[in-house]
Amino acid sequence: MTQKNTPARRTSLSHHTSKPRVNTRTSKPSTPRQQATKSKSAASKQTEAWRNKPRRPRPLTSRIILFNKPFNTLCQFSGEPSDSLLKDFIPILDIYPAGRLDKDSEGLLVLTNDGIIQARITDPKQNLRKSYWVLVEGEPTAAALQQLKQGVLLNDGITLPADVEIIEPPLLWERNPPVRVRKVIKDTWLNLSISEGRNRQVRRMTAAIGHPTLRLIRHQIHLKSRIYNGNLCQFHL
């Protein structure tokens, strides 16, 4: 039997190579839903980073310290010699801030020696509400406050709805240096509560509605009662 030689098939790149397609679509502005998705993605990354942080061993006796942080004080125990630090006010070893307050913000700061308590307070998934007294420039209208209640668009996504109301000036200590006051523009005090912890969030929220923050004081953190069971609470106010 004779075997026929079948000629090999020739392949040509010209038959299988196509020109790259050019995307002529123009980018569209993000929708509120896309912005919300972006915000959730950022929160997920923040949660993942928090979960990967190293944990300290839990102490035999847990301690919680509530500190009224002054203006221009950093939320840390070490720094430059010219810095105002926590160690200047709290002579207690092995405690750490649970959360932060900006240098130019004042008010309630929780510190603890218990990493579990610290984690419960700082975990973004806990959504602990924090309340602030906020002095803003000008007189916000009902429409402006409604924006805060619905959520405002920031550069890192839409904020969750906030609770906000206009209040009488609270009885407070004098700030050093004092807040700049202009006679031609009336300032307004707000009581604002949020359940997020983005960088300088309250200041960015009030700026987004056209009323920059002049003074910011955190006066309440809505902690779950189970955190306190069996723990020692000390107050430095």
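Coordinate-derived values only; no laboratory data. These numbers come from a predicted model, not from an experiment. Note: ideal-geometry Cβ built from the backbone for every residue, glycine included; neighbour counts use all protein chains shown.
Legend: distances between Cα atoms for Lys149/Lys186; Lys87/Lys125; Lys69/Lys125; Lys125/Lys186; Lys87/Lys183; pairs beyond 28 Å are Lys87/Lys125; Lys125/Lys186; Lys87/Lys183.
Between Lys87 and Ala119, the FRET efficiency estimated from the beta carbon spacing at R0 = 25 angstrom works out to 0.60.
Directionally averaged projected area (segment 67-179, Cα convex hull): 9.4 nm².
Just add up the charged neighbours of Val181: K/R +1, D/E -1, any other residue whose Cβ is under 14 Å from the Cβ of Val181.
Numbers: positive: Arg175, Arg180, Arg182, Lys183, Lys186, Arg215; negative: Glu137, Glu174, Asp187.
That sum, taken over residues with Cβ under 14 Å, equals +3.
Computed from the Cβ-Cβ distance with R0 of 41 Å, the FRET efficiency linking Leu153 to Val179 stands at 0.90.
Between Gln126 and Ile167, the FRET efficiency from the beta-carbon distance, with R0 = 25 Å, is close to 0.40.
How large is the translational diffusion coefficient of segment 113-192 in µm² per second when you combine the Kirkwood radius over alpha carbon pairs with Stokes-Einstein at 37 °C and 0.692 mPa s?
Rounded, D is 213 µm²/s.
Label positions at Ala143 and Arg100, each projected 7 Å from the Cα along the C-beta direction, are separated by 3.6 nm. Rounded to two decimals, the Cα radius of gyration of segment 92-144 over 2.2 N^0.38 Å is 1.53.
Where the only charges are on Cβ atoms (+1 Lys, Arg; -1 Asp, Glu), what is the dipole of segment 161-223 about its Cα centre, to the nearest 20 debye? Intermediate values should be presented prior to the final figure.
Working: 11 positive and 6 negative charges, 88 e Å.
In total the dipole reaches around 420 debye.
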